[in-house]
Amino acid sequence: MTQAQATNRVFGADDFEVAFECVGAEATITTAVDTIQKGGTIVVVGVFGEKPWVDLGLVQDRKLNIRGTLMYQRQDYERAIELMSNGSVITALLISAHFPLDQYADACALIDRQRDKVIKVFIEVQ
């Protein structure tokens, strides 16, 4: 299954208006370019260790906007929390599992076993 197929399976066939690349990997920036709607915006948040290849022909043909960001400010977090709280941004589909801190090894084992299915695993440190 391709990244685009996996994205469609989880989020539906409609292309995204805005995508945030938060991983810093060529596969995720490629998926963003492949699945964003014409005229959409990709915000690059992830830190890339290696220079990724990006299909600039597709970026041009689809009139995509690619924006970079480096820093977050308090108002950015407040706005993100507001958007999640009022339901404008739905994050539940991104959460794969929660583990208490004392089950950290189990969380790592889950990620290793289901690498192609796990998106975010949270370790609770209450």
For the stretch 83-96 the number of residues that are surrounded by 10 or more Cβ atoms within 10 Å (Cβ to Cβ), in a helix (DSSP H, G or I) and of a type in the set (S, T, N, Q) is 0
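Being surrounded by 12 or more Cβ atoms within 10 Å (Cβ to Cβ) and touching a strand residue (DSSP E or B) at 6+ places or on another chain (Cβ under 6 Å): is that true of VAL44 here?
yes
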Within the stretch 114-126, restricting to residues that are surrounded by 10 or more Cβ atoms within 10 Å (Cβ to Cβ) and of a type in the set (Lys, Arg), the one that is nearest to ILE95 (Cα to Cα) is LYS120
Of the residues in the stretch 104-113, those that are surrounded by 11 or more Cβ atoms within 10 Å (Cβ to Cβ) and either closer than 14 Å to LEU94 by Cα or free of Cβ contacts under 8 Å to residues at least 12 places away in the same chain (or both) come to ASP106, CYS108, ALA109, ILE111
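Matching residues to (1) farther than 18 Å from LYS120 by Cα; (2) free of Cβ contacts under 8 Å to residues at least 12 places away in the same chain; (3) of a type in the set (S, T, N, Q); (4) loosely packed, with under 10 Cβ neighbours inside 10 Å:
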| residue | (1), (2), (3), (4) |
| --- | --- |
| ARG9 | no, yes, no, no |
| GLN37 | yes, no, yes, no |
| LYS51 | yes, yes, no, yes |
| LEU56 | yes, yes, no, no |
| GLN75 | yes, yes, yes, yes |
| ILE81 | no, yes, no, no |
| HIS98 | no, no, no, no |
Taking the stretch 98-116 and keeping only residues that are acidic (Asp, Glu), over 26 Å from GLN5 (Cβ atoms) and out of contact with any Phe, Trp or Tyr (no Cβ under 7 Å at 6 or more places or on another chain), one is left with ASP102
Sole miss for VAL18 among (1) surrounded by 14 or more Cβ atoms within 10 Å (Cβ to Cβ); (2) in contact with a Lys or Arg (Cβ under 8 Å, 6 or more places away or on another chain) is condition (2)
Flagged in the stretch 23-35 as of a type outside the set (Gly, Ala, Ser) and either loosely packed, with under 14 Cβ neighbours inside 10 Å or free of Cβ contacts under 8 Å to residues at least 24 places away in the same chain (or both), in numbering order, are VAL23
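Against the condition touching a strand residue (DSSP E or B) at 6+ places or on another chain (Cβ under 7 Å) and surrounded by fewer than 10 Cβ atoms within 10 Å (Cβ to Cβ), how does GLY68 come out, does it pass? Explain how you work it out, then say what you get.
Values: touching a strand residue (DSSP E or B) at 6+ places or on another chain (Cβ under 7 Å): yes; surrounded by fewer than 10 Cβ atoms within 10 Å (Cβ to Cβ): yes.
Taking the combined requirement at face value, the residue satisfies it.
Each reported figure results from applying straightforward, stated rules to the coordinates on display, with no laboratory input. Because the structure is a prediction, the values reported are computed rather than measured. FYI the Cβ positions are ideal-geometry reconstructions off the backbone, even for glycines, and counts take in every protein chain you see.
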